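See structure below.
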Amino acid sequence: MKKANRTDGRQNALPFWQWARGLRGQQMLVTITFLLVPLLLFFIFTCLPFLKMVQFSFFDMRYIGSRTFVGLDNYKSVFTRSDILSSLKLALYYLGASVIQLGLALLFASVLSFKTRLGSFFKGTLFFPYLVCGIAMGFIFKFFFTHGFVLDTVLTAIGVPHGILPMWLLNTNINNFSLAGSSIWRYTGQNMVLFIGAIMSVDPNLYEAAEIDGANGVNKFFHVILPSIKTIVVLNIILSVSGSISAFEPPYVITGGSFGTATYFVLMDQIAHLDQKVGLASAMAIVLLGIIIVVTVIQRLVFRLFLDEDEKGMTFRERRRSTRRIAVTASSKGGK
Amino acid sequence: MGFKGLDGVHVTRKVIWTVLKYFVLCLGAFASLLPLYSCVVTAFKTPDEYRNTNVMTLPSSWFNFDNFKKAWQQASMGKAFLNSLMILVVVLIGSILFSSMLAYVLNRFKFRGNSFIRNLFLVSSLIPGVAMQVTVYQIMYTLHLINSLPGYMILMMGTDVISIYIFLQFFDNLPVSLDESAILDGCTYFGVYFKILLPLLKPAVVTCMILKGVATYNEYYMASLYLQDKNNLGVVSTALLIFTGPIGSQYNYICAGVVITMIPALIIFIFFQKQIYSGLTSGSVKG
C-alpha cells in the first residue's frame, strides 16, 4: 500500500502526493484523521450539551413540544424554591462525611504504606466497595439498614437496647446520616489508594531516617508523612466541597430521594426526567457548574501557594504537569 | 531497628503500636465487609431460613443455588450479561483507540490549537456527568439514539479524559527518537503509531481497559436513561432494578442477584489489583 503510493508519486509527481509524502504533509494528515472522530464525539456529547444547557436555562420547556422564553426566571426559582434550597442544606451531611472519609483514608493509607502483614488483603478489602455497581450498592444498603436486619443485629449484639434503634432510612432526623455513612463506605478506599500513591512517591530515606531517630507512628505521621503529602490532602479537602454539593449516588440508589434525602443532583434528575422541567434543571446544572468552577479556582490558587513554598526546585513544565494531573484526578472524583 | 531494639520499654511500645495498628485495620475491614458478608450469606438461604433466622447467621447449606437461579431468571441476567459484554467490547476498543490516537497527536505534534484542545478536555472534565445528561438526553432523542444499543455504545465511547491523560503521560516517557528513527527507515507517521508505539503502549492500554471497563460495566445512570427497553436492552448494572417492584422485600433473591453482579468485578479486581491502583493514582503522582 505504502509502496504503491510512493511509486505513484514518483511517476506522476502530483503535488498532492509529494506534499502528503513529505513529513509536514504526513503530520497534517495524521493530525486530521486521528483527531476527527474523538473531536466529533467530544463536540456532540460534551460541547453541544453544554451550549444547549446554557440556552435551555432561559426557557420554560419540556424535552418535546413548544418553548417559551422566560429570561432569568429559572435562575430565580433555583434560589427561591424551598425544595432546592433544602436540598443544598443536605450537602453539609456529605461534607461532614467527606471529612471523616479523608481522615480514615489518611489513617489507613499511612498504616498500609509500610510493611504490614496481610497488607494487600486489608487494602483490597477497604477498596473493593468502590468497585461494587451502584444499583447493587443501593440494595446492599437497603438490606443493611432495614429495621431488625444487619445494622440492628450488630448494634444489639454489642449491647444497644433494641427499643431505641431508629428507622435508619425513614426517620428524617437520621436518614441523611445513614446515607452519608454509606458514602464513606464506598469512597474511603478510593481516597486511601490515592493517598498511598502519594506516600509511596515520597523519598523512602525520609521514613528510614525518622525510624532511626526513634520516631513512633504518631511522630512519623505528623512530621514526615503529613508534611510531604499535605498538598494532595488540602486539595482533596477543598474538592470535597463541590463533591458534597454534587453528592448523587447514595440517595439515588438507596432511598431514591424520598423522605427528605433528595440532594441537589437527585432533585435535578427528578426535575429534568420526571417533571420534564428541562429549563429549570438546566439552570440548576449551570448554577452548580458555577460553584464547581469557583471551588476549582480556589483549589488552583491554594495549589500555587503551596507550590511556591515547597517545590521551588521543580521546573515549570513539571509543575504544570502535576497541576494538571491533580486536576484530572480531582474531576474524576467530582463526577460521582 | 539497631541499638535501641533491645531496650525493654521500646519493645513494649512497639508491641502496643503493632496491636493498635492491626486493631484499626481489622475494624476497617470489618466495616467494609459487613454489608457484603450479610448479603452473601443471605443469598444462600432458603425462603424458610430467611424468614426464621438472623441475617448474620451462616446458611445451612452453601450449595443452595435456588436463589441464584431465580434471580438469574427474574432479572433476565443472561440477556443482560450478553448486552453488557457487547457494550464492553465495542466501547473498550473504540475508546482506547480514540483516546490513544488523540494523545499521540497531542503529545507528538505541535500545531495550532494543541493546548486549546488539552484545556478544553480538562475543563470539560469538571462538569459532572449527571448534570450533562439533562441536555445529552435531548441530543440523544433528536438523533433517535434512545433505546439503541449502538447509540449507547457511541455515547460511552465519547472522550474519556482519564484515559487520555494516562496515555499522554505514557507518551511522555516514550522517547521521540523512537519515532524519528522509524521515520528515517521509511515509516510513515501512521506506521509509527500503529506499528511502533501502539505495541509499546500495552501497559497503559491494560490500565485504561480496566478502569474504563469497570466504569462501563457499573454505569447505571446513563444505562437507565438511554436503554429503557428492559426486556431487550437490559444490562447487568440495571438488571437488578427489576427487584424494586412487587417482590421488593424478598432479600434472599435480591442478595443473590447482587452477588451475581459483583462476581465479575471481584474477579477483575483479584487479577488486576495493581493496574487498578496504579491507574487511579497515575492522575495524582506528585504529593
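None of the figures in this text is laboratory data; all of them are computed from the coordinates on show. Note that this is a predicted model, so its numbers are computed, not measured. Backbone-built Cβ (ideal geometry, glycine too); neighbour counts: all protein chains shown.
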**Item:** Charge dipole of the protein assembly as shown about the Cα centre (unit charges at C-beta), most positive-ward option of B:GLN169, B:MET132, B:TYR277
**Value:** B:GLN169
**Prompt:** Long-range amide H contacts for A:PHE59: which residues qualify at under 5 Å (H placed 1.01 Å from N, peptide plane, sequence gap of 5 or more or a different chain)?
**Reply:** A:VAL70
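Let me have the relative contact order for chain A, percent, based on Cα pairs under 8 Å that are six or more residues apart. List each step's numbers first, then the result.
Numbers: 312 pairs, mean separation 85.3, N = 336.
Result for chain A is 25 percent.
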**Asked** From the residues A:PHE50, A:PRO38, A:SER182, which one has its Cα farthest along the dipole of the protein assembly as shown in the positive direction, the dipole being from +1 and -1 charges on Cβ of Lys/Arg and Asp/Glu about the Cα centre?
**Response** A:PRO38
**Request:** Return the calculated 222 nm mean residue ellipticity for chain A, to the nearest 500 deg cm²/dmol, obtained by summing -39500 (n - 2.57) across DSSP H runs with n ≥ 4 and dividing by the residue count.
**Result:** -22500 deg cm²/dmol
**Asked** Taking N as the number of residues in the stretch A:107-246, what is its Cα Rg relative to 2.2 N^0.38 Å?
**Response** 1.31
**Message:** What whole-number distance in Å separates the alpha-carbon centres of the stretch B:80-104 and the stretch B:145-218?
**Reply:** 11 Å
**Prompt:** When the dipole is taken about the Cα centre of the stretch B:2-64, and only Lys, Arg (+1) and Asp, Glu (-1) are charged at their Cβ, what size is it in debye, to the nearest 20?
**Reply:** 340 debye
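Convert 10 °C to kelvin, take the viscosity as 1.306 mPa s, use the Kirkwood radius over C-alpha pairs of the stretch B:2-64 as Rh, and evaluate the Stokes-Einstein diffusion coefficient in µm²/s, rounded to a whole number.
For the chosen part, D equals 106 µm²/s.
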**Complete:** With x for Gly and Pro, the residue-by-residue ³J(HN,Hα) of the stretch B:28-41, computed from phi through the Karplus equation 6.51 cos²θ - 1.76 cosθ + 1.60 at θ = phi - 60° and given in whole Hz, is x, 5, 4, 4, 6, 8, 3, x, 6, 4, 4, 5, 5, 5
**Asked** Counting partner chain Cβ atoms within 10 Å of every residue's Cβ in A:50-57, what's the average?
**Response** 3
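Is there a simple number for the mean count of other chain Cβ atoms within 10 Å of the Cβ of residues in B:118-126, and what is it?
5
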**Prompt:** What translational D, rounded to a whole number of µm²/s, comes out for chain B from Stokes-Einstein when the hydrodynamic radius is the Kirkwood one over Cα pairs, at 25 °C and 0.890 mPa s?
**Reply:** 107 µm²/s
**Request:** Determine, for B:LYS110, B:LYS70, A:LYS123, the number of other Cβ atoms within 10 Å of each Cβ, and report the residues in order from fewest to most.
**Result:** B:LYS110, B:LYS70, A:LYS123
**Request:** Quick one: dipole size for the protein assembly as shown, taken about the Cα centre, charges +1 on Lys/Arg Cβ and -1 on Asp/Glu Cβ, in debye to the nearest 20.
**Result:** 1240 debye
**Item:** Sum of side-chain charges, B:CYS26 neighbourhood, beta-carbon under 14 Å (Lys, Arg +1; Asp, Glu -1)
**Value:** +3
**Request:** Determine the distance separating the Cα centre of the stretch A:73-99 from the Cα centre of the stretch A:119-174; give it in Å without decimals.
**Result:** 26 Å
**Request:** In Å³ and rounded to a whole number, note down the convex hull volume per residue for the Cα atoms of chain A.
**Result:** 245 Å³
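Which value, in debye to the nearest 20, gives the size of the charge dipole of chain A about its Cα centre, when Lys and Arg are +1 and Asp and Glu are -1 at the Cβ?
1460 debye
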**Request:** Compare the peptides A:205-218, A:238-251, A:140-153 by average per-residue count of other Cβ atoms within 10 angstrom and give them in order, highest first.
**Result:** A:238-251, A:140-153, A:205-218
**Request:** For the stretch B:98-106, take each phi angle, set θ = phi - 60°, evaluate the Karplus expression 6.51 cos²θ - 1.76 cosθ + 1.60, and give the result in whole Hz per residue in order, putting x for glycine and proline.
**Result:** 5, 6, 6, 5, 4, 5, 4, 5, 5
**Fill in**
Given Cβ charges of +1 for Lys and Arg and -1 for Asp and Glu, the option among B:ASN119, B:SER224, A:LEU170 whose Cα lies farthest towards the positive end of the dipole of the protein assembly as shown is B:ASN119
**Message:** Could you give each residue of the stretch B:219-233 its phi-based ³J(HN,Hα) in whole Hz, using Karplus coefficients 6.51, -1.76, 1.60 with θ = phi - 60°, and x for Gly or Pro?
**Reply:** 5, 10, 5, 5, 4, 6, 7, 9, 10, 7, 6, 5, 6, 10, 10
**Request:** Using the Kirkwood radius over Cα pairs, work out the Stokes-Einstein diffusion coefficient for the protein assembly as shown at 4 °C and 1.567 mPa s, in µm²/s as a whole number.
**Result:** 49 µm²/s
**Prompt:** Which order, highest average first, do A:84-90, B:228-234, B:92-98 follow once you tally other Cβ atoms within 10 Å for each residue and take the mean per peptide?
**Reply:** B:92-98, A:84-90, B:228-234
**Per-peptide average of other Cβ atoms within 10 Å, ordering B:145-151, A:72-78, B:176-182 highest first** = A:72-78, B:145-151, B:176-182
**Item:** Peptide-level mean, for B:218-225, of C-beta atoms on other protein chains within 10 Å
**Value:** 4
